[in-house]
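Only one structure is covered here, and it is reproduced in the block below.
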4 protein chains.
Amino acid sequence: MLIAIHPKASDKDLANVVQAIEKMGLTAQLVLGNDRMAIVVKGDAKTEEFVKSLELLPAVAEVTVAEQQWYLVGRKFCSSDTVVQVGQSRIGSRHELAIIAGPCAVESAEQTFAVADVVAACGIKLFRGGAYKPRTSPYTFQGLGLEGLRILAEVRSRYGLAIVTEAMDEESLELVDEHADMIQIGARNMQNFSLLKKAGRSSKPILLKRGMSATLDEFLLAAEYILAEGNPNVVLCERGIRTFVNHSRNTLDLSVVPLIRRLSHLPIIVDPSHACGIRELVLPLARASVAVGASGVMVEVHCNPQEALSDGQQALLPEMLAQMCTQLRAIHSAVLEKT
Amino acid sequence: MLIAIHPKASDKDLANVVQAIEKMGLTAQLVLGNDRMAIVVKGDAKTEEFVKSLELLPAVAEVTVAEQQWYLVGRKFCSSDTVVQVGQSRIGSRHELAIIAGPCAVESAEQTFAVADVVAACGIKLFRGGAYKPRTSPYTFQGLGLEGLRILAEVRSRYGLAIVTEAMDEESLELVDEHADMIQIGARNMQNFSLLKKAGRSSKPILLKRGMSATLDEFLLAAEYILAEGNPNVVLCERGIRTFVNHSRNTLDLSVVPLIRRLSHLPIIVDPSHACGIRELVLPLARASVAVGASGVMVEVHCNPQEALSDGQQALLPEMLAQMCTQLRAIHSAVLEKT
Amino acid sequence: MLIAIHPKASDKDLANVVQAIEKMGLTAQLVLGNDRMAIVVKGDAKTEEFVKSLELLPAVAEVTVAEQQWYLVGRKFCSSDTVVQVGQSRIGSRHELAIIAGPCAVESAEQTFAVADVVAACGIKLFRGGAYKPRTSPYTFQGLGLEGLRILAEVRSRYGLAIVTEAMDEESLELVDEHADMIQIGARNMQNFSLLKKAGRSSKPILLKRGMSATLDEFLLAAEYILAEGNPNVVLCERGIRTFVNHSRNTLDLSVVPLIRRLSHLPIIVDPSHACGIRELVLPLARASVAVGASGVMVEVHCNPQEALSDGQQALLPEMLAQMCTQLRAIHSAVLEKT
Amino acid sequence: MLIAIHPKASDKDLANVVQAIEKMGLTAQLVLGNDRMAIVVKGDAKTEEFVKSLELLPAVAEVTVAEQQWYLVGRKFCSSDTVVQVGQSRIGSRHELAIIAGPCAVESAEQTFAVADVVAACGIKLFRGGAYKPRTSPYTFQGLGLEGLRILAEVRSRYGLAIVTEAMDEESLELVDEHADMIQIGARNMQNFSLLKKAGRSSKPILLKRGMSATLDEFLLAAEYILAEGNPNVVLCERGIRTFVNHSRNTLDLSVVPLIRRLSHLPIIVDPSHACGIRELVLPLARASVAVGASGVMVEVHCNPQEALSDGQQALLPEMLAQMCTQLRAIHSAVLEKT
């Protein structure tokens, strides 16, 4: 159950709502949006009578029990665009194009610094790199773990880049929270609800990737899990869906970008690298992502892709990254001017 | 079977190849690309011996019996981009962005001229509108048929717009061939092989839409059917594929655009209207199409979409068409400059 | 527009309805179901006033203008199961399991007779074999055409087997109509509406295969096209849909079988050969088809699959066909007894 | 890396292999199949030299570094069918048909016992019911948690039914391990690799459901994760994949059943309830599952489905469960006799 609070409710009236909830043996979680406030009620409490009694309280604007729907992520709860600050970047700001770049996996300090050199030289401010790698096979490289996180922290202090890296489970989430600037929840974990709840209790911004077969509602409800726990800083990321298509690894579904911008206040970026799995397609799809209205892109880069421990065939070469930045900035300007 | 001819083969040597084929009771179809030539052999003739005898002829560069593959549509047969002239447009020319616009269906002379006014005012040169409509239900409006074609012909003479319209079967193809400037083969007919063969014998350019569940190879092989009959003027059109997604009618698969540009010399454009089925998504997806490298877009426009006899909810309003043209031209320039 | 006629309407009252329609310059097509009757109105005539005037006529039970829906194929129009007689088989009869078997393509009289020997020996009464083959590539074997139809007609007279074979276009439909007992419309032509209309004007039963990406409604509406032209003898065939799955050619969607049995009076059978594309999966999937409630199966058989001109890897070997028949009959009996 | 051990290797030779691995700073995990043995090497160790040195050891049959492939789940590692004992059931035994039935969620002791009455009366030995529910929305009923597990334990002691229930994360896995007889890993967690590893260290059998968009290889590799940690008792479960189809919740992909039986020694069962989401389709799809060769089915039952807290519309009514058991046993006998 979710209770929308009147914008001008007094502290006392608010306290009355919390008290009414707790009297029923339920938990009240206060959630703050940019310009609105809501209370998430935890526990099973959908008696009609109770709902009616809540609706009579002065602070209550609306009680939502239609439970299959998202609310906190929606424009109704927060009409202005959410801007998520990560390091020096303001993801979701209309005037900024966020570019996140780096290797698929942190393989060694040497390899990671080499890529960071390239990324920093392009004027990019956000660095990605996996320390914990969800791998289809138990026999492939699973990431350097904590050692990888330490290398990433070193990238931050050497290059001033903010760090975005994936957490795979509750244990790694705690470590990522400690070492990185933004916590990524991967596509395979988009409906790992225990992990989402834990991410919702972190104070770090979350990058939530769309699951390979997630509908738009499922994607927004996954974000709702995070917001409902109190963390408002979520950036969504489209990364391709699974279809019958066999010429690219996944099919980038760019239609979600303008739709999410209408339905939700959360920023949405695009990961063309995982969407296609082929280096040569990354640039054109990144251009399309910016043109369609995404707030940024996330791409993989490697200095020796043929030696990469994972996903080498989709990594951009250093010179392609520079070229991409030039192209994306030109398109971002053209879109900004004309829309 | 397909026989690639040496670029410098003499007429006499060429005649020898044809003669050798006909001596076997088979038919030889000569196909000309921009800079190469091939012979398509019709009939069942894949004895090893016969292939070997052909390979010995001086004019023969290569004999292809690996039959599951396209050849004439490929870069190997023709390395330079094919440019298809339709009216004043040169579709596939790097410096031109082709825009095809018009109503889903020709409903009346009045409605059609009203849309043509808008289209011409935007500086667009290609007009679309269906006279023969493939409809899911037998009880919905099936198009005005010949009367519709006559209205379209009138649009050409009044506005100087070139006409693109769909043929649904062999009978309507003959009439469309007579009245229009470009013959569209719709998504549902992409593997109507009898229709493709007939289109291959027309002298008018063909707009071939990708089937809703067609792979890249199937799409190119459908075009190969047309080229193999002697018609080199084919423009491909991505229009969305069928996926699990329920927030838009189809899922636009933009990755085919850069892939087809690498594999094939044929131009490819995008139809964002059918891909999404929602007016508000057409503009952003059209921008993405140009940014990804398409040679043009095809969109639906209606002056009173709420009264349209088909697909009203995806039709652009007149003012949106003008806005789209401005945006697409800005992105086309940005892409042209930076790539 | 569709007009349901009162079961006990007099001939005179019926004539009045036809007259009212024709007075408006429209065409009335009378369609007979097993126990009901309807009139399909062709032409654009949905003025409210006209509908109301029709509803006042004594013969009229209901006027349907909600045009996106099927009607004639539904249980509302005809509550009892339609049984389609083909040769000695009664497809759709609860007590009969229809098995259609034969080669993918008619390659020669010899090969066809060899398979017919096997099919007849299994007690099967329906023989399939393609004379016109819709092929993805223009360079692969396209079928023997009329010669193939003559070989099939010879199979009928030699073995007493009824012949099921595909028509690809209007021209071949006429020839198939003349030579075969049942006309197949293939998956790629499920929305070739001109062909469906022509099939609706034939007096032969139609086997309509589901398109690779057709929804249930689209499938039923394709059948509606045939019934609306006056041919009530349609058998539906599920043959697999296109999904992300890469371990079999298509994914058999058996859920349509019980759904169609509830919604429609038309019989539905299953083609497991095209659904999977792998010989070893045909038997288990055929068993599943009978268990789920299909009225029959259609399978491909070849005596030398490694030499088949098409789809050899999915053809059953002769001994597998016999084994399949034994298994299917046992399951059919078990289902018949317990449901 | 994975090392297959010679069936007749001596203990001393085996110890030498372990020693060689540990000397490199790596970990050796011994895995026992029914008739073979393997060592999983953890850590990054794919130098050619090291592999060669291992291959020279007498106990080593084969070293596999082709890491994208499953091995322990395959017929090569274990040719005979794995039979997983759960309570009195032997899942995977050719002569037994495993039926798992129960409510979607444990809602109360009362509701659970009412369903258990029905299940036990049908002669079923395996009881399902969710105490931890992965829910798309944060606002819907999330399960009774530990209280639910205690109710399930009570079902076991009252009715002698073995308990199958889902674990959602590492914490709930420990509790489920303690209270239930079989641990279910749900579709959304099929690639929650941390959870799979933890399940691999449990001594309880695991029911692993296929992810909604998992390929066959991904499904088998998820099971490989469990086996590679030392737990050989895994039962696979097909539960429908996500496709464009909108007439049922998911599309049951029965082709995986015969394929997995050829490729893997692990038992596979089918969940038709989640596959279709519609009560009326459960019976026919359950019949198809048994006919295709599955070792069992899992279905949802509820005594008052209209009041169910989750998935009520797919729950069988008590009388349907009895009917299903009769039908499935008849088909199982027919298949057993004829194959």
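The table for this structure:
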read-out	value
For residue D:143, residues with placed amide H under 5 Å, excluding near neighbours	D:133
Per-selection Kirkwood Rh - region C:147-255 (Cα, Å, 1 d.p.)	14.5 Å
Cβ-vector label at 7 Å, residue B:94, separations to other copies in nm	3.6, 6.8, 7.2
Kyte-Doolittle at least -0.5, axis length at least 15 Å by Cα - qualifying DSSP helices, chain B	B:11-23, B:109-121, B:146-159, B:216-228, B:279-292, B:318-338
Taking all pairs of distinct alpha-carbon atoms in the protein assembly as shown, Kirkwood radius in angstrom	33.7 Å
P(r) weight above 34 Å for chain D, C-alpha pairs, percent	26 percent
Using a 7 Å Cα-to-Cβ projection, residue A:53 label spacings across copies, nm, ascending	6.5, 7.4, 9.8
Chain D: most fluctuating residue of D:79, D:137, D:248 per GNM, C-alpha cutoff 10 Å	D:137
Other copies of residue C:79: label-to-label distances in nm, shortest first, labels 7 Å along the beta-carbon direction	5.6, 6.0, 7.4
Förster-model FRET efficiency, 51 Å R0, residue B:157 and residue C:76, C-beta, rounded to 0.05	0.55
Net +/- balance of residues flanking residue A:229 in space, Cβ distance below 9 Å, scoring K and R +1, D and E -1	+3
Residue B:174-residue C:96 FRET efficiency (beta carbon distance; Förster radius 56 Å; 0.05 resolution)	0.80
Closest approach to the axis - chain A beta-carbon, rotation onto D, Å	A:213, 2
Diffusion coefficient, µm² s⁻¹, Stokes-Einstein with Kirkwood Rh over alpha-carbon pairs of region C:217-339 at 20 °C and 1.002 mPa s	139 µm²/s
Three principal axis lengths of region D:2-64 [C-alpha, angstrom, descending]	29, 19, 19
Residue C:55-residue B:30 FRET efficiency (beta carbon distance; Förster radius 56 Å; 0.05 resolution)	0.35
Those GluC sites (Glu not before Pro) in region D:137-239 that DSSP places in a loop and that have at most 11 other beta carbons within 10 Å	none
Shielding score for C:204-215, defined as the mean number of other chain Cβ atoms within 10 Å	3
Counted charge near residue A:89, where neighbours are those whose Cβ lies closer than 12 Å (Asp, Glu -1; Lys, Arg +1)	0
Peptide D:178-191, shielding by other chains (average Cβ, 10 Å cutoff)	2
Centroid-to-centroid separation of region B:86-126 and region B:217-262 [C-alpha atoms, Å]	21 Å
Alpha carbon Rg of region A:102-161, scaled by the compact-globule rule 2.2 N^0.38 Å	1.12
Percent of beta bridges antiparallel (DSSP, the protein assembly as shown, rounded to nearest 5)	40 percent
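Quick note: the coordinates plus some simple rules give every number you see, no bench work behind them. As the structure is a prediction and not an experimental result, all values here were calculated from the model. Positions of Cβ are backbone-derived with ideal geometry, glycine not excepted, and every protein chain shown enters the neighbour counts.
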